[in-house]
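Working notes, structure below.
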Amino acid sequence: MTKSMPVFEIFLSSPGDVNLERDDAQAVVDEINNDPEFSYIRLKLYRWDDKKVVLPMPATDNPQTSVNQYLILPSACDLVVVLLWSRMGSPLVMGGREYLSGTHYEYKEALGGYEQHGKPTVWLYRCSEEPIIKLTDPKREEKITQFDRVDAFFKQFMDEEGRYLAGVNVYNTHPDFKGLFKAQLETYLRYIRNQPKPVITPPLDKPKIDVPYKGLRALRAEDVPIFFGRTSESLDVLARVENKRFVPILGASGSGKSSLVMAGVLPELVKRGYKVIQCVPNTRPFYELALALVALPEFDIPKTRYIPEAEALEKILRDKPENLVRQLRAVLPTQKIILYIDQFEELFTIAQKADSTQIQPFIEAIRHEADNITTIITMRADFYETTLNDIDELKTDIYGVKKPSSVALYEMITRPAHDAGYRLDAGLAESIITELGADSGALALMAYMMETLYLRAKSRGDKHITHDNYKTLGGVKGAMNTLAETAYGALPFDDKEAVLRNVFFHLITLTTDDNGQLVPTRGR
């Protein structure tokens, strides 16, 4: 009996803008299969646009499901080749998770196989040729967004100087891919032929998660392991940071804008070599910013001197807007810098109430022209009208954070529990998402609900988050009502209602804008 020839399976993953490369990859496979040097093995290439394989497309499934079912899973192959140029592709939902595109899903699916089993090998390619986007193209903005998303995706593989550390094969133009791919594939085939045993890399260690949910507080850098459901938003903001001086991020209260920046964007920017300086305006925005500056190691100021040094620096910064950039460049002459101002609406509430003359100088300072300095602000969307006349970028450059989709919420509910070793009752996540509905504060409500259920499970010590606890709490609304009643009961006042009426009365002032609409302006 003749021994069957071993088959080396290659999965080709790419969006629709690299047609030439897909055809060239097929040509390379055909040439190697006809080369006597490699007659001991047979290469098989899987590609979604293979004209020899017509994939059934049921109306009830997405195309990626058909690829998985009728073609092959990327993780089942020996080698996965991922090609990207100007498009990331269309958003995709698979297995209750959101992906940037089918290519992004296939890349992640292949990496998951490698982490668990040591295969497949994954090769990532990028064509560096700049796409031509015409100003009259009706899809211009979409194409720019797609390109920016690809660019932001690849930045994770770069060092602070913009050099690829590993993992990315760059070629200059589309015709250059064939020669590069063929040479690399031949080298790899010779290597595995001459190895006495295949080299299997042990699975990568996953970060251990002790606390899967953090309740109503915004997620921070240390919470990256439990930050899910915002991949595309993170990449979009990262792309803006690379290309703009001022990046305003707006969203409803509880929409997760602060978590997006602190857990999704800033940690990645730190990896890319940025220095992050973060504050909230409070009553004295220049002082808060000065305090963040003097705490930097580069200022070399003892902790016992932070307050007096910050007070002195506050006066310098407030004196002239350009002094902020001068101070930064005096101690960080070439460093890429991020100024992150969270809860920016405080500038127009408590800070304006304390001293309205500091508002305009502060805005000018954080927007002052400077190379390699980018300011990110997060602000509640209901203050848009209030700030529009003060910040030109709000007219054209806003990044709006929307309520997470049901799929994103599902990820946020289930993934932290899974990675921390907790088990959710079947259907519990779906029940919570259904109850949340279209509520603009869905993310905050979900975060509080999951922390409450997690703490119940932790107190029992069984790592089982149950539907019974969810019902006992009265669902999301019941849990929030209980929280409100507890907080109300703990108020140290005899006439609680009178005190709260007075507090709410002073929280905000409504004024009429140019269109006759009432808008919030500042605290009274």
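The values are calculated or read from the model by the stated rules, or taken from the named source; none is laboratory data. Keep in mind that what you see is a predicted model, and the values were worked out from it rather than measured. Using ideal geometry, Cβ is built from the backbone for each residue, glycine included, and neighbour counts are taken over all protein chains shown. Heavy atoms of the whole protein, side chains included, go into the accessibility calculation; ligands, DNA and RNA do not. Shrake-Rupley method; radii C 1.70, N 1.55, O 1.52, S 1.80 Å.
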Rounded to the nearest 20 Debye, what is the dipole magnitude of the chain about its Cα centre when Lys and Arg each give +1 and Asp and Glu each give -1 at the C-beta? 980 debye
Quick check for you: with a 1.4 Å probe and neighbouring chains kept, what is the accessible area per residue of region 287-399, in Å²? 47 Å²
Where both residues lie in the chain, what percent of DSSP beta bridges are antiparallel, nearest 5? 15 percent
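Using a Förster radius of 22 Å, what is the FRET efficiency between N34 and Q195 based on their Cβ-Cβ separation? Nearest 0.05, please.
On the way: r = 24 Å, r/R0 = 1.10.
After rounding, the FRET efficiency stands at 0.35.
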Between the modelled labels at K463 and N172 (7 Å from Cα along Cα→Cβ) the distance in nm is 5.4 nm
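Give me the percent of accessible area attributable to carbon and sulfur for the chain, probe 1.4 angstrom.
Values: 14020 of 26720 Å².
Roughly 52 percent, rounded to a whole number.
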For region 72-115 and region 242-321, what is the centre-to-centre distance using only Cα atoms, to the nearest Å? 36 Å
Normalise the Debye intensity by I(0) for region 363-439, one equal point scatterer per Cα, no solvent, then take log10 at q = 0.11 Å⁻¹ and round to two decimals. -0.54
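Based solely on its DSSP helices, what 222 nm [θ] is calculated for the chain when runs of n ≥ 4 H residues each add -39,500 (n - 2.57) and the sum is averaged over all residues, nearest 500 deg cm²/dmol?
-12500 deg cm²/dmol
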From the residues V270, S4, P120, which one has its Cα farthest along the dipole of the chain in the positive direction, the dipole being from +1 and -1 charges on Cβ of Lys/Arg and Asp/Glu about the Cα centre? S4
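Looking at the chain, identify the longest residue range that excludes and avoids all chymotrypsin sites (Phe, Trp or Tyr not before Pro) in DSSP loops having at most 16 other Cβ atoms within 10 Å. Walk me through the numbers on the way to the answer.
On the way: sites that count: Y40, F157, F493.
Counting at most 16 other Cβ atoms within 10 Å as exposed, the longest clean stretch of the chain is 158-492.
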Could you list, in their original order, any pairs among K271/K471; K143/K320; K155/K403 whose Cα atoms are separated by more than 32 Å? K271/K471; K143/K320
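Based on the Cβ-Cβ distance from R501 to R140, what FRET efficiency comes out when R0 is 56 Å, to the nearest 0.05? Walk me through the numbers on the way to the answer.
Details: r = 52 Å, r/R0 = 0.93.
Calculated value: 0.60.
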Just how large is the dipole of region 1-157 about the Cα centre, in debye to the nearest 20, putting +1 at every Lys and Arg Cβ and -1 at every Asp and Glu Cβ? 300 debye
Residue farthest toward the positive end of the dipole of the chain, with Cβ of Lys/Arg at +1 and Asp/Glu at -1: which of L216, T334, A498? L216
With axes computed from alpha carbons, what is the tilt in degrees of helix 442-460 against the longest principal axis of the chain, rounded to the nearest 10 within 0 to 90? 80 degrees
Here FRET efficiency (C-beta to C-beta, E129 to E186, R₀ 25 Å, nearest 0.05) is 0.55
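How many percent of Cα pairs in the chain exceed 31 Å?
So the portion of pairs separated by more than 31 Å is 57 percent.
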Specify the longest stretch of the chain that does not include any exposed loop site, a site being one of the GluC sites (Glu not before Pro) with a non-H, G, I, E, B DSSP assignment and at most 10 other Cβ atoms within 10 Å. 162-368
Using 0.36 nm per residue of separation minus the Cα-Cα distance, give me the extension gain between H418 and D300 in nm, one decimal. 38.2 nm
